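Asks: I am attaching a structure below and will ask some questions about it afterwards.
The values are calculated or read from the model by the stated rules, or taken from the named source; none is laboratory data. Quick caveat: nothing in here was measured; it's all calculated off a predicted structure. Cβ coordinates were reconstructed from backbone atoms using ideal geometry, including for glycine residues, and neighbour counts include every protein chain displayed. Surface accessibility is based on the protein's heavy atoms, side chains included, excluding ligands, DNA and RNA. Shrake-Rupley method; radii C 1.70, N 1.55, O 1.52, S 1.80 Å.
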Amino acid sequence: MVETDRPRRWPAYAVAVLFLGYAVGKAAFALQARLGFPGGPPVSAAETESYFLDAATAQWFATASGVLGACVAIATVTALGRRVPRKLMLLVLLGMLVAVGGGAGIMIVDGFVGMGVGWQWHHGLLGILVIGLFLEMVRSYAAATRHVAA
C-alpha cells in the first residue's frame, strides 16, 4: 500500500451518510411512535412496553445521536474539526467505536449465527462494512493529525 501525504476523506463522508441514514430511519419511526429501524427486525409490543421512555421519545434521542455522529464524522476531515484537541477527538471516536461496534456486532452475530433478534445475513454484511468504514475513518484522522500532535 502506498502512503500519501493527503488524508483520505471519503471514509468520513461515508460514515456521515450512514449516520444520517440512521437518523432519518429513527425519525421516521419516531413520527410513528414505534421502536425499531426501517428494514430491520420488528419490535414486539411487549418489548415496546418494557422501556422507561415512550417509543417516540426514545427514537428522537436516537435521531439526535445519528445527527451528532454525522457531525463528528465530518469534523474529522474539516479544518474546524481539526482544531479540537487530538486526544479529545480520539477519545470521542473511541466512545463512538464502542457504540457503533456494539450495534454492528449484534447485527453481524445475529445475521450470520442467529441470536433471535431478527437481523438477516445482509444486515451482517452491512455491520462488517460499517465497522470497517469507521475504523478507516479513525485511522485516517489519526494519520492526518499525527504531525500536529508531535
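Asks: Please find, within the stretch 5-42, the residue that is farthest from Gly69 (Cα to Cα) out of those that are surrounded by 19 or more Cβ atoms within 10 Å (Cβ to Cβ) and aliphatic (A, V, I, L, M).
Replies: Taking the candidates together, the pick is Leu35.
Asks: Also, I was wondering about something else. Across the stretch 68-96, what is the number of residues that are in a helix (DSSP H, G or I), closer than 15 Å to Tyr13 by Cβ, open to solvent by 40 Å² or more (accessible area, probe 1.4 Å) and among the β-branched types (Val, Ile, Thr)?
Replies: Residues in the stretch 68-96 being in a helix (DSSP H, G or I), closer than 15 Å to Tyr13 by Cβ, open to solvent by 40 Å² or more (accessible area, probe 1.4 Å) and among the β-branched types (Val, Ile, Thr): 1 in total.
Asks: Hey, another quick one. Under 7 Å by Cβ, and 6 or more places apart or on different chains, what pairs join a residue from the stretch 89-106 that is among the β-branched types (Val, Ile, Thr) with one that is surrounded by fewer than 16 Cβ atoms within 10 Å (Cβ to Cβ)?
Replies: Every condition considered, the pairs that remain are Ile106/Val117.
Asks: Criterion first (under 30 Å from Thr145 (Cα atoms) and part of a helix (DSSP H, G or I)) does Val100 satisfy it?
Replies: For Val100, the condition - under 30 Å from Thr145 (Cα atoms) and part of a helix (DSSP H, G or I) - is met.
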